[in-house]
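Asks: Take this structure first; my questions come after.
The values are calculated or read from the model by the stated rules, or taken from the named source; none is laboratory data. Only a predicted model underlies this, so the values are computations on that prediction, with no experimental measurement involved. Neighbour counts are summed over all protein chains in view; Cβ atoms, including those assigned to glycine, are modelled from backbone coordinates with ideal geometry.
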Amino acid sequence: MTKIKELTGEEIDRIIEMAWEDRTPFDAILAQFGISEGETIEIMRRNMKLSSFKMWRARVQGRATKHQKKSPKDMDTFKSRMQRSIALNKISKR
């Protein structure tokens, strides 16, 4: 898990934000940051309060939308429609 040590604070914040979103699959995090599901879980564990991590973990475990292969066929985007516009992993100017 040496990849985790190479991430900046902004990248870790973005990974946590993506992991917290219900409709963003772990495959999207892998595609953008090269971080696997297990590494994402480790990042969440290290950077969240224990109670928040447990709540997130209980919500994510078994959720079809967090896994591309289990998600509905019509779900072809990595982000929800409610999410802010993002370009090159940076939040667009408002």
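Asks: Would you pick out the residues in the stretch 33-64 that are assigned to a loop (DSSP other than H, G, I, E, B) and either under 14 Å from the mean Cα position of the chain (by Cα) or at pLDDT 95 or above (or both)?
Replies: Keep residues of the stretch 33-64 that are assigned to a loop (DSSP other than H, G, I, E, B), which gives 34-36, 48-49, 61-63.
Hits for the stretch 33-64 are Gly34, Ile35, Ser36, Met48, Gln61, Arg63.
Asks: When you scan the stretch 17-27, how many residues do you find that are buried (at least 18 other Cβ atoms within 10 Å of the Cβ) and in a helix (DSSP H, G or I)?
Replies: Of the residues in that region, 3 qualify.
Asks: Among Leu7, Leu30, which is the only one that is modelled with pLDDT of 80 or more, in a loop (DSSP other than H, G, I, E, B) and not charged (D, E, K, R)?
Replies: Within the list Leu7, Leu30, the selection yields Leu7.
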